[in-house]
Structure formats: structure tokens, C-alpha cells
């Protein structure tokens, strides 16, 4: 039986805890255990949402997540809002065009 993955999105409270523990010098593996997530979740969070200087701040990380979510919703809504665009995309995909080219 294959393992099923359960994906948990970090909330603002967990991001605050990550920031505090990183500031104290706690290892990412231990942070993951304290928060109750997989160690790769902490690693990905810190890599993807650190500032340009490498510093992790919970408030800016949470802001980045909110922006990414709103942008992802917009793309799908755009296609649904314009029926001509939807028809064009479907016709191009049926012609075996890659989604990147369309």
C-alpha cells in the first residue's frame, strides 16, 4: 500500500515560531519536531521565503504566501472569465501544443 502524503500549510503562528527558533539558533530538524511538520517543510519554507539578505522574517514570509495565493487564483479566474480565451487554450492543447507555448 503506497504512503499517502498529507500537506499542511503553515499559518502565521507557525511562521512566527520558526522565526523565533531560528533566531535562537535551533536546528531546522528540531524546529520541525517542535512545530509538528516534516523537516523538509521547514527547509523549503526558509529557502523560498527568506529575504534577499538570507534573513527569515515571519511577517514578510506570510506576505509572500498571500501574494502567491492571490496570483494563482487570478490566472484560473482569467481563463474562466473570458470564454474566447478558454476556447483558444483548449484548441491549442488539442493540437498537442505545450501549455508553456500556449
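The values are calculated or read from the model by the stated rules, or taken from the named source; none is laboratory data. Keep in mind it's a predicted model, so treat the numbers as computed, not measured. Because the Cβ atoms are built from the backbone with ideal geometry, glycine has one as well, and the counts that use them run over all protein chains shown.
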Residue 2, sole failed condition from (1) surrounded by 12 or more Cβ atoms within 10 Å (Cβ to Cβ); (2) at pLDDT below 95: (1)
In region 69-83, the residues that are loosely packed, with under 12 Cβ neighbours inside 10 Å and under 30 Å from residue 10 (Cα atoms): 69, 70, 71, 72, 73, 74, 75, 76, 77, 78, 80
Qualifying residue in region 21-40 (condition: within 18 Å of the chain's Cα centre (by Cα), surrounded by fewer than 14 Cβ atoms within 10 Å (Cβ to Cβ), modelled with pLDDT under 95 and assigned to a helix (DSSP H, G or I)): yes
Every residue from region 54-69 that is over 20 Å from residue 6 (Cα atoms) and not in a loop (DSSP other than H, G, I, E, B): 58, 59, 60, 61, 62, 63, 64, 66, 67, 68
Criterion: outside any helix (DSSP H, G or I), in contact with a helix residue (DSSP H, G or I) (Cβ under 7 Å, 6 or more places away or on another chain) and surrounded by 11 or more Cβ atoms within 10 Å (Cβ to Cβ) - qualifying residue of 86, 51, 17: 51
